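Following: one structure in structure tokens, then a few remarks.
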Amino acid sequence: MKKIIIAVSLLAPACAGARGFEFTGKLDLFGGQYFFEKQSGAFNGYGSFDAQLAKSYSSSSGFFVSARSIYTGFKQVNELSGGGTLFQQSMDNSLGAKWIKRFEGGFSLKPRIGAKNQLFRETKDEKWGCGLYDFWRYEAGLTLERKTRLGLSTPWLYQLSWDVYSTRYTRFKSLASQYGQELSAPDPGSRVLDTITNQFSYESELDLPGFMKADLFAALSLIDYPDQKVINSAGSYLSSKRSDSYQALNLGLSKRFNDLDALGGIRPVLGVTAGLANLISNQNHLDTDPKHLKFIRSYYDYWETRLAPNAQFTFLSSGLITRLGYEFAARRYVERLAQESDGVYASGRLAQYSSSVSFEAVYPLARPLDLKLQGSWAVSRSNTRYEQVYRYNYESAMYFAGLEWRF
């Protein structure tokens, strides 16, 4: 992240002076503490850097370049391969470019390309760049956008997008593929986490009367695993490869209410988001432990629902902005069974429930500088107790305070 900040900082004066270029961005630097499973971590940091460079060639065309770098210094559970995996620290860097071409009738065409690199440290003594789950993701996409109106007073923006993602885990290879011949074991493939994804999505925003806003997002993702073979009940790997289909639907609604007279004026905005998603996969699972030999078909299939109310209060006299959010999610696996702590299978299907509360306060110190305070608490509970592979049950909390510089 440091190298990207230095490079963009050196580029900024030149871009600002160049005719037709617009350079914007922000830098967040926080210090704080995390708590995981009733254990407190040492004082650590979080940093986020975003930069955008825009160039307009005419009123109907231009390009947009963006760079982002994030460092997370506290424990987190990320879902990477079918369940939650615990990491101590992570770093996320991305770079992208987008071309914008506008046409008559409110239409715009936006092709884009990009790359993303994410690094994970599972232990404190692990070196950066040596993580088992480090990956590169290469992206390309095409968006058709239209700005129009419903009736005379309702602005409406909608987008149709096709995006392609190629993800490669640079260090992850299955042990069975490396030693399978020596052990006379079946070969599941080598880079079993690498994927190629085609995502088709629709996004819509409506500015409704009465300071209300509604948005909708629907997506279909077709995920292919080019080097992961499908396993059968006999423990053999078929020639066919794993293929997943992920569907998501999110609906959001927010409303700005009349200003309150208290404390020099308070502007409240309340909102709620609801989501429904499911995953369908042709991959199965065979537990070869003799104590509980079990074959589970469609091991990764699940349904998930989410509900997330939120509130924002802007104090007009001081400029203070506070945000409060809550999210509840329930995931039910279609075929995956719950297990006892010793691995014995129960009769019920695995279910996971998670709740989180987040808080943020932003206070303007000067025109480009804000003081920010963030905090969150999250808990995940499940009817399974076996967690040698994935984390299903955990509780975490964090608080961070720092500065945001906007340029």
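Per DSSP helix of 4 or more residues, -39500 (n - 2.57); summed, then divided by the residues of the chain. What does that give at 222 nm, rounded to the nearest 500? Kindly include the intermediate steps, with their values, before the conclusion.
Working: 2 runs with 25 residues, N = 407.
Result for the chain: -2000 deg cm²/dmol, rounded to the nearest 500.
At a Cα cut-off below 22 Å, give the lysines reachable from Lys291, other chains included and same-chain residues fewer than 8 away excluded.
By straight Cα distance, Lys291 reaches no lysines at all.
Can you flag which of Lys26/Lys213; Lys147/Lys372; Lys110/Lys213; Lys26/Lys127; Lys110/Lys173 are past 32 Å Cα-Cα?
Lys147/Lys372; Lys110/Lys173
Placing unit charges on C-beta atoms (Lys and Arg positive, Asp and Glu negative, everything else neutral), compute the dipole magnitude of the chain about its Cα centre in debye, rounded to 20.
Dipole about the Cα centre, nearest 20: 780 debye.
Residue farthest toward the positive end of the dipole of the chain, with Cβ of Lys/Arg at +1 and Asp/Glu at -1: which of Leu142, Phe43, Val65?
Positive-end residue among those listed: Val65.
So what J values fall out for region 345-354 if you push phi through Karplus, 6.51 cos²θ - 1.76 cosθ + 1.60 with θ = phi - 60°, rounded to Hz, Gly and Pro as x?
7, 8, 8, x, 6, 6, 10, 9, 10, 9
Quick one: if the Förster radius is 41 Å, what FRET efficiency do Lys294 and Val357 give, using the C-beta to C-beta distance and rounding to 0.05?
Efficiency, rounded to the nearest 0.05: 0.65.
Among Thr288, Ser254, Asn278, whose Cα lies farthest out toward the positive end of the dipole of region 226-313, if unit charges sit on the beta carbon of Lys, Arg (+1) and Asp, Glu (-1)?
The residue sitting farthest along the positive end of the dipole is Thr288.
For semi-axes √(5λ) of the Cα gyration tensor in Å, the choices are (1) 34, 24, 21; (2) 103, 24, 22; (3) 39, 26, 25; which was calculated from the structure?
After the calculation, the listed value that fits is (3).
Among the chymotrypsin sites (Phe, Trp or Tyr not before Pro) in region 119-156, which ones are in a DSSP loop with at most 15 other Cβ atoms within 10 Å of the Cβ? Mind listing them?
Taking region 119-156 and a limit of 15 other Cβ atoms within 10 Å, the loop chymotrypsin sites (Phe, Trp or Tyr not before Pro) found are Trp128.
A short reminder: the numbers here are calculations on the coordinates, not readings from a lab. As the structure is a prediction and not an experimental result, all values here were calculated from the model. Don't worry about glycine lacking a Cβ; one is built from the backbone with ideal geometry, like all the others, and counts go over all protein chains shown.
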